[in-house]
Structure formats: C-alpha cells, structure tokens
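A.B. asks: Sharing a structure with you now.
The values are calculated or read from the model by the stated rules, or taken from the named source; none is laboratory data. Owing to the predicted nature of the structure, the values given are computational and were not obtained by experimental measurement. Every residue, glycine as well, gets a Cβ built from its backbone with ideal geometry; the counts of neighbours run over all protein chains shown. The accessibility values were calculated without ligands, DNA or RNA, using every heavy atom of the protein model including side chains. Shrake-Rupley method; radii C 1.70, N 1.55, O 1.52, S 1.80 Å.
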Amino acid sequence: MVLTSVGKMSGLQKKTSGIRNICILAHVDHGKTTLADCLISSNGIISSRLAGKLRYLDSREDEQIRGITMKSSAISLHFEKGDEEYLINLIDSPGHVDFSSEVSTAVRLCDGCIIVVDAVEGVCPQTQAVLRQAWLENIRPVLVINKIDRLIVELKFTPQEAYLHLKNILEQVNAVTGTLFTSKVLEERAEKETESESISDSAPGDQIYDWSAGLEDTDDSHLYFSPDYGNVVFASAIDGWGFGIEHFAKLYSQKIGIKPAVLLKTLWGDYYLNTKAKKIMKGDQSKGKKPLFVQLVLDNIWSLYESVMKRDKEKIEKIVTSLGLKIGARESRHADPKVHLNAICSQWLPISEAVLSMVCNKLPSPLDITAERVEKLMCVGARTFDSLPPETQELKSAFMKCSSEGTAPVIVFVSKMFAVDAKALPQNKPRPLTQEEIAQRREVARRRHAEKLAANQGKELSEKPPSENTSEVNTGETKSEEQQLNSQIEIMTSKATKQEADNKESFIAFARVFSGVVQRGQKIFVLGPKYDPAEALHKLSAQCSATDDLPLVPHMTCCTLENLYLLMGRELEDLEEVPAGNVLGIGGLQDFVLKSATLSTSPACPPFTPLNFEATPIVRVAVEPKHPSDMPQLVRGMKLLNQADPCVQVLIQETGEHVLVTAGEVHLQRCLDDLKERFAKIEISVSAPIIPFRETITRPPKVDMVNEEIGRQQKVAVIHQTKEDQNKIPEGVEVDSDGLVTISTPNKHATLSVRAVPLPEEVTRLLEENSDLIRTMEQLNTSLNEDKKTHEINQKTIDRIKEFKQKLEQSLQGRKWRNAVDQIWSFGPRKCGPNILLYKFEGYKKSVWQCLENAVKEASKYRDFDNSIISGFQLATLSGPMCEEPLMGVCFMVEKWEMGKVGEVLSASSQDSGECDALEHEPNEDTVSLSSSYMAEVCSEDKHQDSNQSVPRSPEKASKHKAEVLLADCYGPFSGQLIATMKEACRYALQAKPQRLMAAMYTCEIMATAEVLGRVYAVLSKREGRVLQEEMKEGTDVFIIKAVLPVAESFGFADEIRKRTSGLASPQLVFSHWEIISSDPFWVPTTEEEYLHFGEKADSENQARKYMNAVRKRKGLYVEEKIVEHAEKQRTLSRNK
C-alpha cells in the first residue's frame, strides 16, 4: 500500500464519523507492538517483511534492547473498507506493570481498545488490570487472541484441543468482564435503595424485600467477547495472519450453500456439519463429531502449517493455487520455513484487514461518546454532575456533539507531556533541496575545485620565473557568489548551534480534542486539576476569551498553542488545525503544563477527572551529581524528567537530598538513564534504594521467643541491659504500668496524660483507603471554622462521610472503644493519615465530624490551645521514635489535660479591656505568680492599640493575643511548649508499648514451568518471601505462583529469578500493603530457655533490628553496634599466609 500524504490525513480528520481512536492493551510480551507493526505495514510505512522484527513504535534504544515497550506512542493510519475511508489513531501502550501509568494516559484519549491475549499464557495479571482500566474509563474493548502459531508449533495441539483451549481463554476473559459488570450493577442498586429508603420512610403494610440483585434485568450481552458478535479476532501477528469468523462464513457460504448469517451464528459453538443432510446440527461433543470451527477453520490452518514445516512442495503448491495466491520464488526457496509461511498467510488472511475492519465495525467513533462517560470526565472528586454550574452543564452537549464548527467551545485534554529531541521536530528537519539549489551547489563545488587546481599550478609557476605566471582564474563575480553562499551557510550553522544551545529536548503534549477546532497560534485557557469553574465564573463572564485582559483566577493561565503535530510514531508532521475527535501533539506548552491538564476556550469548562494510576510509586533513590559543580544541571534535569514521566515523583527532602520516586526497578533504571543521557547530561551517583518503613505498636505478646508462656519461667540475671534501660524515661515523666504517660509543660502550667493503643487492622485499612475523603472533611471543617461561605456541601460527599463514620463504628467495638468515633480529634500525619487522636477528658467537645453536625463554636478554656495539641500529634506521627519513620495504626488517647493557673488567666484576659483595671487592682491568688506590671503592660498595650487602630479586632483574636503575652516566659510561647510536650508524650506513650516495624510488601506473580519451580521457591525463601498460593494453568504445564515479598528484599529479584531459571520464569511485582515484621527490634534474651536457644550474645540475625539500624544509619541517627566482634580471635600474619 502507498504512503498516505499529510494532506489526505488532515482531510480525513474533518470527517468525525470515520475516526477511530484506539489503543492496544495487554500483559507484557503478549504481542502488542508486533500487532501494531502489522497494522502499520498495511499503510506502507514499514515493509511487511519487517513487521514484527522492527517494532517500529519502540523508538527508544532501551526499548529495543530489553524487548519491552516503555512508553505509549501514537500513529495515525488510513484504512479503506469498501467505499468508506477511515482514519485510525492507534496508540501502542506498555504491558509491564512498572509502566502502567502510561496505559492510563493512553486509555483516557481513546474511545475503544484492542485487548491482546497470548493463546498459550491466557489471562495474566496485567490483562485483568488493563481490562479494569478500560472499564473504569468507559471505553469499549475488542479482543485479539494472538500467538495461535505457538499452539501448533510449540504445544503441538490437535485442532480439537486448540479449539477447547481457545474456548477456555474466551471464558476467562469474559469472567473478568463479568465481575466488573456485576460489581457495577450491585453498586447502582445499592445507591437506588438508599435513595428510595430516604423517600419512603417505611410505608405502612407488609414490606416485601426484593432479593433479586438487579442482574437479571440488566442487558450485558454487548459486554462479552464472542466470535459470532464479530468482536474477536484469532491471530498470529509474527506470521502476519489473523481472521474473524465473518471471513470464513463468506467463504464457505458459497462452497456449502448455507447462508452466511447462519454460518456466522454456528461457526463458533457446539455445532457440527451433517454432510449427508447438508445441515448444521447442535451437540457435536455428545455425538463425537468435530465442531464446525475445527472442521472448517482450524483444520485448514493446521494442515498449511504442517505442509510448510515438513516442506511438502506438492501440497503447498496445491494449497497456493486453490487459494489463488502468488508467492515469490525468494520466499518459497528461503531456508527458514517461517518466511514461506508468512508469505502465504499474510496474503490469505491478512491480519491488518481483519483487525482494522473489526475496529471500524465494532468500536465507536468520537461521535458515539456516552453521556455517562462525559459526566464521569467532568466531575472531579466527589462532585456530582448536577452540582456543577449551569454554564458548565451546558458544555455536555458540546462533548456529545463533538462538533467542529467555529462556534463550538474548544475542549482539549492533555494526558501527558513527552520529550522529543529538538532535531526530530518538523521545523528543524533538514529539508530536501530543490533542483536549482542542487545545481547551484554543484557549480560552486566545481569552481572551488578549479581554484584548487589553479592554486597548485600557481605554486608550481611561482617557482619558475615570474614572467610565466599568467593564470588569473578567479573572477570577481564568482567571489561575490561564493561569499554570499558562505554567509548563508554561516547563518544556518549559527542558528543550529543556537538551537542546540537553547534546548536539546523539546516537550510535546499528548492530547485529544473533545470539542471545537484547535488552530495553530490560538490563545487558550490552561486549567489546572484544582481549578473550580464555579469560583471563576463569579470573576469572569462565561463568554470571555483567553485574548482579553482578565483578572487573576487561581489554577488558570492563558497560553498560545505554538505548533500542532500529527503523531506518526517516530515522526511528527506539522498541522495547521485539528478538528474535534482527533489525537494530536501540541508544542509550546512546557511552561504551562506539568503532567496533564485541560485546555479550553471557555472558563466554564471543568478540569477533567485526574487519571487513575494502577501502580503506586514506592522505590526511592537519592541522586547527586558526581561533580558538585553540576548541581544546577541536575536540578534542571530532574525538573524535565518530572514533566516527561507521568508516574515519577521528584522531591527534595529536609536533609537536602534530591529524591526520585519510581514505580519499580525497570522504571527506576529508565528514569536514571534518561536523567544521565537526555535531561541532565551529567555523571550522577545514585544511592542504594531508600526503603520506606512504618512504625507501630502491638499488643503485649503472650509467649516469648522460645514459645514459653511469659511470666511462668524463671528470669535469670541479665547480662545485657534490658529493654527498659535502653529507653530510659527522663525525670518529670510518669509512666503507669498500663502505659499511661503523664508529662507537664516546662513552665508547669499544663499537664497532659496520653496513652497509645494499637488500632485494629481493618480500621487502619479503612483509614488508608479513605485518605482522600478525610482530606475533604478537613477542608470542610476549616472552612466552617473560619466562617467562610462554603459552596453548598455536596450531598454525595455527606453520604460518603456518613458511610465512612458508620464503618468506623462497626470496626471499633468493645468496651475500650466506647464512643471512640465521636471523640476523634484528628487524624495524622498530615491530617489524613492512618493514626487517630482521641480526647477522653471532660469539658471539651470538638470532633472531625463537624461538617456533618454543623456544630457551633463554643468557648472553653481549652479552645485557644487545642491546635497546639493537634500539631504535637501531627509531629509525633510523622516521625516515630524507632527510626524517624511515619507511624501507622496507632491511636493516641489524651486522657487528661489540666491547665492550672492558665484557666483563670484566660478567663480574665477574655474580658474586655474595660475590666482590665479592676483586675490590676485586686490580683487573684492564682495569678500572683504573674507580675501585675505584666498585666498593666498588656492592658495599656491593648488600650493603645484600640485608640490607634480604627480597624476593630475580633474579641477572639484579642483574647488569644493576651493569653499568649500572659503566658510567654523563659520557655517561649505557651502554645509552642504545648506542641513540644504533646510530641514527647506521644513518643513516650509509644515506647511504653511493644514497638514493631512495618515493611512495605509487594505481591508477586510468577509464571513458571514445573522443572524450575524448585528454584523459584529457593529465591523466594532466600528473600523472606511467603508463597500464598500456587495453581496450575489449565491446559498448560505452567504454574502460577502468588507470593508476597518485602520491598526491602526485592532489588535484583527479577534478575535473580531469570538467571536461576534460565529465563523461564519472570515475576510481576505490584505494591500491595504494609505488614508488621513480627520480631521485636529491641529484643534481648532474658530467660534461661532463651539463653540456651539463642546464646549469650543472641547475635543471630534479627530482621527488624537490621532494617531499623540501616534506616538510622542513613538518617545519621545514633546506632548502637559493636565495631569489633570477637576481638580475642585475632589472627597473626603468619597464620594468614
């Protein structure tokens, strides 16, 4: 096929009904990029012989070396089907779990996707993940079952076995889709029920409960994959063939004389052909007959493979002539039978034809976007579509129409920014020379050559007598022309060097137009993820445009679209304008968009829902330049890397370290390579991975380290210091036997009693899952406290908060948790973490559920300083006592908060300044310690302020200010003392309980054959892994092992497994949860049995202590360790020889 011109492509972009935006999704190594190659070769961009070997869309060097895709890249293809012409914007995405964020960016821009499944491996973990992502984004999938040649060549299945195996794979894929669908229907039903409950408050008469789950009524037939719907293609991308059932239905309808519609329904399923009656009958298996699919389809493919592999020339010729194909002599004589096979199959059943016609028939065009998807995109966070401003709701029709008229508002979503070499941009490419320019250059070159010859001759002549020197070749005319050309060349080179010096990496936004026409040089609003159209519309009119002079609006800037590009894999083509429904690249946004953004000409447009990433960035490394002078380049490089990768995070820690947070080892390696070679272009040194831990406490254990019941055994004289001595509690801190810590502020004005209690596991999990909701609650509470007029609190959010509270109440039951949920004072760290602060003392009421109750602020003696207590708690939970890591799953109860002399002082100072004199004359007995002059100073200061300032101060602020002045002493402001005291109290309360470390855990899925199973287990046990389950995949000899593995032990794990199993097993690691390390980091043997078992030194490896010391060393904290062990065993030099 001929290459399609850019003009033709931009013409096709205008016909929205003929556009298909699709991405290819699959597990790693299931053949996405090979399939993309086959589709690209149909457009003549690459040779069909190279399809599958070239991997055209893997344009990075490391992608080619590793053989996996690491970024999603797009290409536009032209496809003709009958009279219809289609433009297919194809996005190839990675399958490796480390790059699943790239899949999210691709899925957001598409309307449909091709799910590729390996016929041998079947449904793998990442296949399930991509099906879920496609489901969450409301895009329609079609299925390609790839690598069917492996069933023939590797597994040597008979056609009947292969049919059953393919049927099984289809069932697996449909099972995943089915579970997603069921969960959605059940959720919707639950929502409806709660609504109906609130409407009809228990109507009189018998209530009949409807037990049906609502699944019976909902139509889910369109969801499932089945060859007779035409949404499944069977293929082998490497051999270049693929087919849907329609192809064979048409073919055999002429031969057998059965209608194609009948064949379509019966080619897949339990039907067989009764040759005598020329009828299709049901129930092949019971009668022992071949199913139609095996008889008419698979048998032919199997016999073709067999004859080519066995080099049966006569049979091959017969097949080729009966199919009416032309095979070149080069292919048929080739030493590799696969080449011959590819030549026959790609002509007989071209894969691009099958896949692209399925895409055009079954996947929606941008016009068919569903209302549900539009609403989902437009509603950020907990907001419902109905709560958006009316101007914003009007934009829904623009989305649905997807119109390219001039009046339609432009709405574009940028899903990621990607870096390209500045040389690759169309404007910097060397353009082909015209005929005149070539002729001119040839002429100049000829003259130069003549000059050289002349110069050489001149030298020879000058050695002779000067009279013979007559050759004066150079004319003035040629000189002037040459100078002109030289100056042109100089200008061009200076431009090029300037371009290189300016910026070698250029950023292009990967985007899609949802409405309107985007034009080059157009001014447009850039809306950040926190932009709120409701707030902006108060300041701006809905009709204003980005060209006007506008007031500042938070999270909104204006920019100009400098260049528009057609994305063609490794190439970029310039475009002048792009109509709605197309995928494009936009240049010139690097200063306005960090990773993703919404662009619009209407300020009423809401920012799109943020992308949901499957993988959590967990692997951290600290980066520094080899030469300190290169620091600015590193900072710049990190900034560019952060922009270029959707998943990476770049932080500067308090210690000043530059930290890179990535999703896994392969991702980390890619980020570091990019940093060295593309963005910073300097030598860098990278620290060992920084492994995150959490600190927690547990219940006191019942048995000791040798499984003896504690308290029963005889304690012996302890040689080491015991744990109590290690955590010496300083003076002034009282610790009860049950762990209640009482501590006073330095000036002795307030006393706090705090107890630490471990939270149940399900509560910790609940807090982690709802961290976003807790953050929303915090924002609502602060706006209520500051008496701001909040925009109407969304009912859906209120319902979610109520449900969360209910779940907490269910989880926190029992005597010690009575009323605990109502007494929650704060969550921490950062006010949304998995730890809780409760108040258990009288005379105070403030809770995090304020937004539900709309409680009125009440004055109490604690009110002014409660924030100090909360701040102390936040600090304590942010860095625990073991190794300054955040806490998790701990509940602090403040059981007593006494404010001695402070109460009266506060009540006194909260009176208005008129009563100040009376207080000065008759000092109270409690306030004697505070000098009356101090009081006078406060009063006079207050009066002075009143006279000078016309602006009245709020009484609350005044009282707070007075309280601060009254209570400031040599220990600093009182609020600061309270923060420090609270932090210390929390730390000592923790140390009074058994402390434990929590490690981050990966779930690890390994597919391995039986012969290497033992080696996989060996590697897992060596790295503290724990196998959860192992099952054999049906119809194969492959085992699937599910295990959990600490992140701390996972570095080099994949490589080690590959080495040990000769590449037969490869793991997929995904961050899963936090798990308590059971061993006590401070444990020392104390009983006789423990001495017998562990020895006096107890120096067998204590995993928790090893981790704890490693973290302390990295942070520069004190580590208790002996430098010299076994000094008495010193060897002499002579022994060592």
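A.B. asks: Being under 26 Å from Gly230 (Cβ atoms) and in contact with a Phe, Trp or Tyr (Cβ under 7 Å, 6 or more places away or on another chain) is the filter; apply it to the range 351-384 and report the residue that is modelled with the lowest pLDDT.
C.D. replies: Only one residue tops the list, namely Ile369.
A.B. asks: Still on this structure, I have one more. Might you check whether a residue that is more than 25 Å from Ala129 (Cα to Cα), open to solvent by 50 Å² or more (accessible area, probe 1.4 Å) and basic (Lys, Arg) occurs anywhere in the range 991-998?
C.D. replies: no
A.B. asks: Would a scan of the range 1059-1077 turn up a residue that is touching a residue at least 12 places away in the same chain (Cβ under 8 Å), within 22 Å of Val703 (Cβ to Cβ), assigned to a loop (DSSP other than H, G, I, E, B) and more than 30 Å from the chain's Cα centre (by Cα)?
C.D. replies: no
A.B. asks: Being open to solvent by 90 Å² or more (accessible area, probe 1.4 Å), assigned to a helix (DSSP H, G or I) and not small (Gly, Ala, Ser) narrows it down to one of Asp772, Asp799, so name that one.
C.D. replies: Asp772
Yes/no per residue for (1) open to solvent by less than 20 Å² (accessible area, probe 1.4 Å); (2) over 13 Å from Ala235 (Cβ atoms):
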| site | (1), (2) |
| --- | --- |
| Leu323 | no, yes |
| Arg330 | no, yes |
| Lys338 | no, yes |
| Leu341 | yes, yes |
| Leu349 | yes, no |
| Ser365 | yes, yes |
| Asp368 | no, yes |
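A.B. asks: Which residue is nearest to Gly112 (Cα to Cα), if the candidates are limited to the range 370-388 and must be open to solvent by less than 40 Å² (accessible area, probe 1.4 Å), in contact (Cβ under 8 Å) with a residue 60 or more places away in the chain and assigned to a helix (DSSP H, G or I)?
C.D. replies: Going through the qualifying residues, I end up with Arg373.
A.B. asks: Look through Thr1061, Thr1036, Thr1087 and report the one residue that is over 30 Å from Glu768 (Cα atoms), surrounded by fewer than 19 Cβ atoms within 10 Å (Cβ to Cβ) and of a type in the set (Ser, Thr, Tyr).
C.D. replies: Thr1036
A.B. asks: Hey, another quick one. Go through the range 595-677 and tell me which strands (runs of 3 or more DSSP E), entirely inside it, have 1 or more residues that are touching a residue at least 60 places away in the same chain (Cβ under 8 Å).
C.D. replies: Hits in the range 595-677: 597-600, 619-625, 658-662.
A.B. asks: Among the numbered conditions (1) in contact with a Gly (Cβ under 9 Å, 6 or more places away or on another chain); (2) open to solvent by less than 20 Å² (accessible area, probe 1.4 Å); (3) of a type in the set (Ser, Thr, Tyr); (4) not in a loop (DSSP other than H, G, I, E, B), tell me where Tyr86 comes up short.
C.D. replies: So Tyr86 meets the others, but not (2).
A.B. asks: Taking the range 111-130 as the search range and keeping residues that are within 18 Å of the chain's Cα centre (by Cα) and surrounded by 23 or more Cβ atoms within 10 Å (Cβ to Cβ), which one is nearest to Ala371 (Cα to Cα)?
C.D. replies: Val130
A.B. asks: Also: Suppose the filter is of a type outside the set (Phe, Trp, Tyr), over 27 Å from Pro1081 (Cα atoms) and surrounded by fewer than 13 Cβ atoms within 10 Å (Cβ to Cβ); does Gly664 pass it?
C.D. replies: Criteria not met by Gly664.
A.B. asks: List the pairs whose first member sits in the range 233-258 and is surrounded by fewer than 18 Cβ atoms within 10 Å (Cβ to Cβ), whose second member is of a type outside the set (A, V, I, L, M) and assigned to a helix (DSSP H, G or I), and whose Cβ atoms are under 7 Å apart, counting only residues at least 6 apart or on separate chains?
C.D. replies: That search, which allows pairs on different chains as well, returns Lys250/Pro260; Ser253/Pro260.
A.B. asks: Still on this structure, I have one more. So, in the range 834-862, of the ones that are of a type in the set (A, V, I, L, M) and modelled with pLDDT of 75 or more, which residue ends up surrounded by the fewest Cβ atoms within 10 Å (Cβ to Cβ)?
C.D. replies: Leu838
A.B. asks: While we're here: Search the range 312-321 for residues being assigned to a helix (DSSP H, G or I) and either open to solvent by less than 70 Å² (accessible area, probe 1.4 Å) or of a type in the set (D, E, K, R) (or both), and hand back the single one that is farthest from Thr34 (Cα to Cα).
C.D. replies: Glu314
A.B. asks: Can you name the residue in the range 66-83 that is part of a strand (DSSP E or B) and loosely packed, with under 15 Cβ neighbours inside 10 Å and is also modelled with the lowest pLDDT among such residues?
C.D. replies: In this case the residue turns out to be Lys81.
A.B. asks: Looking at Lys8, is it in a loop (DSSP other than H, G, I, E, B) and not aliphatic (A, V, I, L, M)?
C.D. replies: no
A.B. asks: Do you know which residues across the range 585-617 are buried (at least 22 other Cβ atoms within 10 Å of the Cβ) and in contact with a Gly (Cβ under 8 Å, 6 or more places away or on another chain)?
C.D. replies: Correct list: Ala597, Pro607, Ala615.
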